[in-house]
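J.: The structure's right below; bear with me while I get my questions together.
Values quoted throughout were computed directly from the atomic coordinates according to the rules given, and no laboratory measurement underlies them. Nothing here was measured: the structure is a model prediction, and the numbers come from that model. Heads up, the Cβs are rebuilt from the backbone with ideal geometry, glycines too, and the neighbour counts pull from every protein chain shown.
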Amino acid sequence: MRRASDLAALTGGLVTVALGGLLALDAAGAIRLSFGWLWPALLAAVGAILVASGLAQRDR
Amino acid sequence: MTTAATPTPTPGPGPAPLRRDPARGLLAGVCAGVGERLGVDPMIVRLVVVALTFAGGIGPVLYLLAWIVLPAGPAGPAGAPAAERLRTRPGTWRVAAGVGLLALGALLAFRELGVWFSDAIAWPLVLAAAGAALVWRQSARQRATEAAPTADPPLPGQVEAASREAAVGVYRGGFGVALIVGAALLFLYANGALSGLGEMVLTAVVVVVAAGLILAPFWWGLATNLAAERAERIRSQERAELGAHLHDSVLQTLALVQKRADDPRAVAQLARRQERELRAWLQSGRPAPAPDASLAAGLQAAAAEVEDAHGVPIEVVAVGDAPLDDDTRAVVDAAREALVNAAKFAGEDAPVAVYAEVTDGRVQVFVRDRGAGFDPAAVPPDRRGLRESVVGRMERHGGRAVVHAAPGAGTEVELTLERTP
């Protein structure tokens, strides 16, 4: 159960760090994060968290 | 004997390896296998593959790769039971929504990369595929529900759940139809087919909305009647099952009691056996489980056996349960021996109680009686029942048995078995 809960928390943390990194790179001018790229990234982030939490709920 | 069991969730097998499932697949069983592994409906995986087809044709490529790479799994049962099992697994809808969002993100990313057909084709087809999946899924579920066997009596609350499920099904099917209609209109609009038909489409929409408003009460009434009819059918089956069970158990026992009214011991045994069956039936809605089904079932069977043989009422309380293996079977056998001792030496008027507690790491069983008690140190060496059948048996299986007894204070045999979670 502990491992299952950790999976959801770990995925959420990694996804948040990845999104934050993208935004930081965009703010620093290293990449140009357009609106057309931001939406897929946000949807994929939410989707990954949902999948991880669903699998974690199943393993409990 | 009275029994009370609180089952703990039995840990299921680990996640199945990723394999194709040709038995439930439409083509090679790739989507069915992936759906089984993720625990989502295969229709959702098929929808993702279809959606990726419009992202530069990557869907069929991925499918072919998976077909080549993944081994075929054993043919399993097809149809509604597997779909129902997937649907009722916890977290299924969350995983399905996550897969859908991931697919949508991938589609948008492919679109941004330029690996894309056309907005006028891709999005309407994605919407139509989602709607068709909903309608198809709802239709398949309804067929499965109608074809489901109804031999078992419905559990409490099942009638209300069936009514709720019927109402949710109406909404789900309606949403699927709306998605398909919207996709068709979007396709026509995006391809300019509606440019000259604006007024006609507007008129048609108004007429459809008006017709919907007029017919909505009738549709609602029809759906409600269908749900009520189904609920009544389930109640009727429940009454029939109840009547059959009473005839097979209570009435037969009463007839036996009348026949053997001159034998109080036999009458008491019949009454206790009937009480056991009724309590098991009331608790689970089904007959008592087989003695080798689990630790709790084994303890209950052992208690029933001793109760019948010695005529002493035995109460069994089990908190948690565990599958029977060599070690837990030894606990049951040791508890049976302790029960026999309690029944033989505590006297018929001293009730005997069995309390079992099962956690992830430990099995503990207490056998208590309020009889005369004894001094364990004064037991002659040639009396091997307690020493070998209880203490020795537990030690041979890595457990321990402790006897708490004193003259006049009853006896408690504590059996403990540590387990690896």
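J.: Between segment A:14-60 and segment B:298-313, how far is it from one alpha carbon centroid to the other, in angstrom?
T.: Distance between centres, Cα-based: 61 Å.
J.: Using 1/(1 + (r/R0)^6) with R0 = 30 angstrom and r between the beta carbons of B:Thr359 and A:Ala18, what's the FRET efficiency to the nearest 0.05?
T.: 0.15
J.: Going by how many other Cβ atoms sit within 10 Å of their own, how do B:Asp308, B:Asp375, B:Asp369 line up, fewest first?
T.: So the ranking, lowest neighbour count to highest, is B:Asp375, B:Asp308, B:Asp369.
J.: Provide a whole-number value for the mean count of partner chain Cβ atoms within 10 Å of the Cβ atoms in peptide B:96-109.
T.: 6
J.: Quick one: plug the Kirkwood hydrodynamic radius of chain A (C-alpha pairs) into Stokes-Einstein at 20 °C, 1.002 mPa s, and report D in µm²/s.
T.: 173 µm²/s
J.: OK, next. Compactness ratio of segment B:267-421: Cα Rg over 2.2 N^0.38 Å, N = residue count?
T.: Values: Rg = 15.2 Å, N = 155, 2.2 N^0.38 = 15.0 Å.
Compactness ratio reported: 1.02.
J.: Order by neighbour count: B:Glu112, B:Glu395, fewest other Cβ atoms within 10 Å first, most last.
T.: With the fewest neighbours first, B:Glu112, B:Glu395 line up as B:Glu395, B:Glu112.
J.: Residue separation times 0.36 nm, minus the C-alpha to C-alpha distance between B:Glu305 and B:Ala210: what's the value?
T.: The span from B:Glu305 to B:Ala210 would gain 27.1 nm if fully extended.
J.: Counting each pair of different Cα atoms once, what's the Kirkwood radius of segment B:318-386 in Å, rounded to one decimal?
T.: Hydrodynamic radius (Kirkwood, Cα only) of segment B:318-386 equals 13.5 Å.
J.: Okay, moving on. Sorting check: for B:297-303, B:210-216, B:103-109, which peptide has the highest mean count of neighbouring beta carbons within 10 Å, and how do the rest follow?
T.: Per-residue Cβ counts within 10 Å, averaged per peptide and sorted highest first, yield B:297-303, B:103-109, B:210-216.
J.: Please give, to one decimal in nm, the separation of the simple spin-label points placed at B:Arg384 and B:Glu275, each 7 Å out from Cα toward the Cβ.
T.: Between B:Arg384 and B:Glu275, the simple spin-label model gives 3.7 nm.
J.: So how far apart, in nm, are the two label points at B:Val257 and B:Phe117 if each is 7 Å from Cα heading toward Cβ?
T.: Calculated label separation equals 7.4 nm.
J.: To the nearest 10 degrees, how steep is helix A:2-28 against the longest Cα principal axis of chain A, on a 0 to 90 scale?
T.: Compared with the principal axis, the helix lies near 0 degrees.
J.: Let me ask something else about it. Would you work out if segment B:248-310 is rounded, prolate or oblate? Take a ≥ b ≥ c from the square roots of the eigenvalues of the alpha-carbon gyration tensor; rounded if a/c is under 1.5, else prolate when a/b is larger than b/c, oblate otherwise.
T.: oblate
J.: While we're on this one: Sorted from fewest to most neighbouring beta carbons within 10 Å, what does the list B:Ile58, B:Ile180, A:Ile49, B:Ile314 look like?
T.: On the way: B:Ile58 15, B:Ile180 18, A:Ile49 21, B:Ile314 27.
Placing the least packed residue first, the sequence is B:Ile58, B:Ile180, A:Ile49, B:Ile314.
J.: On to the next question. May I ask for the angle, rounded to the nearest 10°, between helix A:35-59 and the longest principal axis of chain A, with both axes built from Cα atoms and the value confined to 0 to 90°?
T.: In chain A, helix A:35-59 runs at an angle near 10 degrees to the longest axis.
J.: Measure off 7 Å from each Cα along the Cα-to-Cβ vector at B:Trp220 and A:Leu33, then give the distance between these two points in nanometres to one decimal.
T.: A separation of 4.7 nm, rounded to one decimal place.
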